[in-house]
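Accompanying notes for the structure given below.
The values are calculated or read from the model by the stated rules, or taken from the named source; none is laboratory data. Here the structure is a predicted model, which is why all the values come from computation and not from measurement. So basically every Cβ, Gly included, is an ideal-geometry build from the backbone, and we count neighbours across all protein chains shown. Protein only, heavy atoms only, side chains kept; ligands, DNA and RNA dropped before computing areas. Shrake-Rupley method; radii C 1.70, N 1.55, O 1.52, S 1.80 Å.
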Amino acid sequence: IIAGPGTGKTRTLTHRIAHLIASHGATPEQCLAITFTNRAAREMRDRLEQLLPGSAARIPVMTFHALGHSILRQHADTLGLPASFRVANEAEAKAVLSETLKASGRQAAEDGEAYQKAMRARGLVDFDDLIRLPLDLLASHPELLTAYRERYRWISVDEFQDIDEDQYRLIRLLASADGNLCVIGDPDQAIYGFRGTDGLCFERFAQDFAGARTVELTWNYRSGKGILGASLQIVAPASRVEDRVLQALSEDDTKVVIHESPTDKAEAEFVTHTIERLIGGSTFFSMDSRRVDAGEEGSWSFSDFAVLYRTDAQAAALVEALARSGMPFQKRSHVPLAEAPSVREITAVMQDMDGALTPAQRLDRASMGLPPEARLAAQALRPIAARCRDTESFLSELAMASDADLWDPRAEAISLLTLHASKGLEFPVVFIAGVEDGL
């Protein structure tokens, strides 16, 4: 399914899964749904619960890496992994690699082999292993592959344009050429090229699954004609979808506003002042300084606003301006959650605690006496800790999550997000900062 931006990809996929179960005799356990972020997986589960109350919890909905992790957990012995293995965070993997390279002056291939041995000796796998090892396992054990094909007879993949080579191979293995496979995405939204993804995966899919039917979704649920028209103009020169069409379902006539600022600091001030004006003055300071008239009351709340940017480094000026104004905000990016300074501070304390404590108990005790930011992070980590049986599984979950997974839709705060972290979200008012050549 080729779906344009805002055309309800997740909605379409969840309805398809519900239809398979309700009308085609598929059992919930056999309908595997794969997406790319924990947040998207939660959204899909919520939608399925609305469509299939009572049986949605039995449908396996997970990210690619969570799928790989579950396969490794079930077949650790076959792969020579200890039962207590865990996923290393980025810092741990880099430390092991650094030690390996210092210890040997051998060729790169040998260094790679030494790195893998060093990781296994510590009971660790890295992020890439979560796809590579299950791929090797299924390719070399036909009986296991047959069992997984029988277990997951209907497979659905969301955001297909974000798939990389190994992930594609894993799907290709799990779904035979005549299998029940549905993928949905938009080649023009392939933004993870730096991670090895390629929008050409749709053409490859058409070749590998020659009987597949293509459906194009063109109705946009989010934006009006002005926004869609501007979007099409930007995408058209490099579009991989011939004669791209997007039709606005919304009657909203909002236009794109272009504002030029001399510096990033001036841009941040413009964003801050504009939000204050639309809200109607969030602080006495904004009215005392006459930045906002006291009578200029708006109907917006802080959670209605998002400020997006290409890279996390751009956030500094925005954070400074918003903090000075006294307006609440939450900043999220697509960096690994385990690499966030406050999270690293918490996990370092947790690992030194009594082994008899549950992850949730360790988390509560670790957050005591820490700075306010770390305590807030601990609160956000509680839903993860609650579902983990031990510290190893908790640390593995963190290693597979991103900072964006902590974004709280209920928070009465302005959202500062990288473009990658904002995928799939909706806001009434959006600023895109730093739209300039080279950035």
Exercise for the section: With springs only between Cα atoms under 10 Å apart, run a GNM on the chain and tell me which of ALA338, ALA76, ALA316 wobbles the most. Expected result: ALA316
Completion exercise
For region 305-439, dividing by residue count, accessible area per residue (probe 1.4 Å) in Å² works out to 47
Completion exercise
Classified through the alpha carbon gyration tensor (a ≥ b ≥ c as square roots of its eigenvalues; rounded if a/c is under 1.5, else prolate when a/b is larger than b/c, else oblate), region 29-94 comes out oblate
Problem - Surrounding net charge for LEU174, when Lys and Arg each add one and Asp and Glu each subtract one, Cβ distance under 12 Å - result: +4
Handout entry: Surrounding net charge for ALA18, when Lys and Arg each add one and Asp and Glu each subtract one, Cβ distance under 12 Å
Key = +2
Practice task
Over region 1-55, give the accessible area per residue in Å² for a 1.4 Å probe, as an integer.
Solution key: 42
Handout entry: Sequence-separation-based contact order of the chain, relative, with Cα cut under 8 Å and 6+ spacing, percent
Key = 18
Practice task
Rounded to the nearest 500, what is the 222 nm mean residue ellipticity of the chain from helices alone, with -39500 (n - 2.57) per DSSP H run of 4+ residues and division by all residues?
Solution key: -13500 deg cm²/dmol
Fill in the blank from the handout: Surpassing 23 Å at the alpha-carbon level, of the pairs LYS225/LYS265; LYS265/LYS331; LYS9/LYS225; LYS94/LYS117; LYS94/LYS423; LYS265/LYS423, are LYS225/LYS265; LYS94/LYS423; LYS265/LYS423
Exercise for the section: State the label only: which of (i) 187; (ii) 147; (iii) 213 corresponds to volume of the Cα convex hull per residue in Å³ computed from the shown model? Expected result: (i)
Fill in the blank from the handout: The Cα radius of gyration of region 304-357, divided by 2.2 N^0.38 Å with N its residue count, comes to 1.58
Practice task
Mind checking which of GLY229, SER23, PHE205 is farthest towards the positive end of the chain's charge dipole, using Cβ charges of +1 (Lys, Arg) and -1 (Asp, Glu) about the Cα centre?
Solution key: SER23
Completion exercise
The simple spin-label model distance between ASP77 and ALA121, using points 7 Å out along Cα→Cβ, in nm, is 2.6
Problem - Counted charge near SER342, where neighbours are those whose Cβ lies closer than 9 Å (Asp, Glu -1; Lys, Arg +1) - result: 0
Exercise for the section: Report, to the nearest whole %, how much of the accessible area of the chain belongs to carbon and sulfur atoms, 1.4 Å probe, protein only. Expected result: 52
Completion exercise
Ignoring GluC sites (Glu not before Pro) buried by more than 15 other Cβ within 10 Å or outside DSSP loops, the longest site-free run in the chain is 1-241
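In square angstrom, what is the accessible area per residue of region 221-282 with a 1.4 angstrom probe?
68
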